[in-house]
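What follows is a set of notes on a single structure, which appears directly below.
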Amino acid sequence: MNTTIRTRFAPSPTGFLHLGSLRTALYCFLFTRKHNGTFILRIEDTDQERQVPGATEVIYDTLRDCGIHWDEGPDVGGPAAPYIQSERKDSYLPYARQLIETGHAYYCFCTKEDLALRRRQAEAHGETWKYDKHCLRLPNEEIQAKLRAGTPYVIRQNTPVTGESDFDDLVYGHIAAPNETLDDMVLIKADGMPTYNFANVIDDNSMGITHVIRGMEYLSSTPKYNLLYRALGWEIPQYIHLPNVMRDNQHKLSKRDGDAYYSDFIQKGYLTEALINYLALVGWNPGNEREFFTMEELIEAFSVSGLSKSPAIFDLNKLTWFNAEYIRRLPFEDYLSRATPWFDQALLGKGIDYRRLAELMQGRTEVFNRIPDMVRFLGKMPDFDKELYLNKKQKSTQDSLMPSLKLARDILIPLSPWTEDKIHDALMAGIKEAGLKNGTVLWPLRVAISGQASTPGGAIEIAWLLGKDETLLRLNAAIEDLEKQEERKNP
Ligand code: GLU
């Protein structure tokens with residue numbers, strides 16, 4: 001490709017950044033960097049009713065967190081400034097007027113009520129409604145009179161009624177639409193603001209965009225955009241439309257299920273790097289089995305030919321698997337500082353050594369928000385099912401249970417200092433002396449002091465983390481409990 005590539009990500013500031021939008025931004029960025037092009041951020045805020053205060057900052061912060069950096073944009077400026085559509089609002093009307101003069105657009109004075117009535121009539125006849133070009137047929141004097149009288153109007157595109165509009169999309173291939181199916185969409189609204197449909201064409205041209213990369217929901221309108229480009233004598237950009245990111249074949253990612261927005265995942269304790277790595281693979285295939293990529297590596301590997309047009313399924317389990325891998329690879333100090341607030345949720349003020357706990361937890365953390373439930377037992381002994389004591393594989397049986405717990409207690413009572421090495425050596429020696437298998441003692445000991453089927457670390461690590469007093473307290477309570485149970489059975 002010899003012309004410099006210019007692309008844009010053009011979000012509307014309507015709330016948090018949706019994962020589908022984030023993936024669009026990511027592909028746009030990868031494609032542009034790969035070809036040493038210029039990546040532009042444009043804020044599309046012409047639909048004033050849908051604006052959410054602060055949403056533009058959320059877009060900036062999210063993209064920056066993700067390592068998606070723009071070369072031109074509202075905050076960094078550039079040759080095509082301004083990059084916020086509402087600040088460009090005066091630039092659109094002259095083009096709309098030009099289109100009116102050349103017969104490619106017209107004033108429309110129909111009121112909402114007029115339109116609703118004619119729509120009902122059309123539907124009553126089993127027709128699908130599209131604007132019926134009513135105002136295209138108004139005599140010029142009437143149009144001028146209405147304009148002079150200040151009658152509210154919109155400006156509509158005048159789409160041809162015969163022929164076909166077609167183009168080649170780099171993902172979806174050849175797209176052709178009979179012109180009679182295209183509706184005369186509104187270009188300028190009654191408030192003088194352009195619609196997205198109009199502004200995107202004007203801005204993409206003014207900003208010299210060579211490749212338009214966006215969601216497939218715009219695919220069916222693209223023939224209309226192309227008619228505008230032609231009517232204005234402009235070169236049509238290349239198109240890369242992207243399939244939706246879906247939860248499964250039927251369902252979109254949704255706000256209600258908490259799986260739609262970047263921020264949902266960050267709050268739960270997914271790592272940005274893991275999310276970006278996985279998101280890159282939702283709809284794009286590097287052409288080999290490779291799964292792990294840094295941003296630099298993604299840029300290197302990215303190609304449009306790896307994009308797929310089938311719905312891209314966002315598999316939460318797969319993301320979680322990626323996340324666990326990324327967590328495992330974090331430098332320890334980084335893991336510790338990220339895990340600390342989650343430890344605090346369950347263990348604040350409980351005197352647990354977070355550093356040792358972090359060593360035990362790092363390899364087991366899939367998502368940070370699962371930490372509190374995994375470590376809560378260290379702060380407070382939970383109730384548990386006594387069946388947990390019995391474990392065939394560990395040779396822990398009903399008969400061995402009480403002697404094992406008492407043996408452990410006898411070994412641990414005199415122990416000092418309370419170090420993991422000492423606990424380990426003393427237990428091993430004691431178990432050996434008693435002629436038992438390790439599991440016969442360590443399994444019920446761990447259950448007695450944790451109440452969990454699985455724990456970060458084994459009996460020795462847990463005993464150390466709890467400290468001597470708490471370990472013996474829990475062990476005594478477990479023994480007493482079992483004794484009471486015994487008495488109830490054989491009074
Ligand atoms: N503002 C549009 C959106 O957020 C952008 C579509 C486009 O990229 O052209 O969906």
Once you place label points 7 Å from the Cα toward the Cβ at Ser263 and Glu57, how far apart are they in nm? 1.1
Length gained when the stretch Ala453-Ala122 is fully extended (0.36 nm per residue, less Cα-Cα span): 112.5 nm
Under a plain spin-label model, where a point goes 7 Å from the Cα along Cα-to-Cβ, how far apart in nm are Ser86 and Lys406? 7.8
Do any trypsin sites (Lys or Arg not before Pro) in region 398-491 lie in a loop, going by DSSP, with at most 16 other beta-carbon atoms within 10 Å of their beta carbon, and if so which? Lys437
Given unit charges at Cβ for Lys, Arg (+) and Asp, Glu (-), the dipole magnitude of region 13-149 about its Cα centre in debye, nearest 20, is 420
Report the Cys residues of the chain lacking a disulfide-compatible partner, meaning no second Cys Cβ under 4.7 Å from their Cβ. Cys28, Cys66, Cys110
For the pair Glu180 and His134, how long in nm is the line joining their label points, each one 7 Å along Cα→Cβ? 2.3
Test of understanding: ordering Lys309, Lys380, Lys393 by Cβ neighbours within 10 Å, fewest first, what list do you get? Lys393, Lys380, Lys309
Rounding to the nearest 10 and keeping the result within 0 to 90°, find how far the Cα-based axis of helix 55-65 lies from the longest principal axis of the chain. 60
Can you compute the helix-only [θ] at 222 nm over the chain? Use -39500 (n - 2.57) per DSSP H run of at least 4 residues, normalise by all residues, nearest 500 deg cm²/dmol. -14000 deg cm²/dmol
Principal-axis tilt of helix 316-328 within the chain, Cα atoms, nearest 10 degrees: 60
Run the numbers for Thr102 and Arg488: contour at 0.36 nm per residue of separation, minus the present Cα-Cα distance, in nm. 129.2 nm
If packing is taken as the average number of other Cβ atoms within 10 Å across a peptide's residues, how do 226-235, 274-283, 452-461 rank, most packed first? 274-283, 452-461, 226-235
Which one of Ala80, Tyr92, Gln51 is farthest out on the positive end of the charge dipole of region 42-107, using unit charges on Cβ (Lys, Arg +1; Asp, Glu -1) and the Cα centre as origin? Tyr92
Rounded to the nearest 0.05, what FRET efficiency do Asn317 and Ala149 have when you use their Cβ-Cβ distance and R0 = 60 Å? 0.40
Sorted on mean Cβ neighbours within 10 Å (highest first), peptides 70-77, 414-421, 361-368 come out as 361-368, 70-77, 414-421
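Read-outs: derived from the displayed coordinates by stated rules, not from any lab. What you are looking at is a predicted structure, and each value in this text was computed from that prediction instead of being measured. Glycine also receives a Cβ, built like all others from the backbone with ideal geometry; neighbour counts cover every protein chain displayed.
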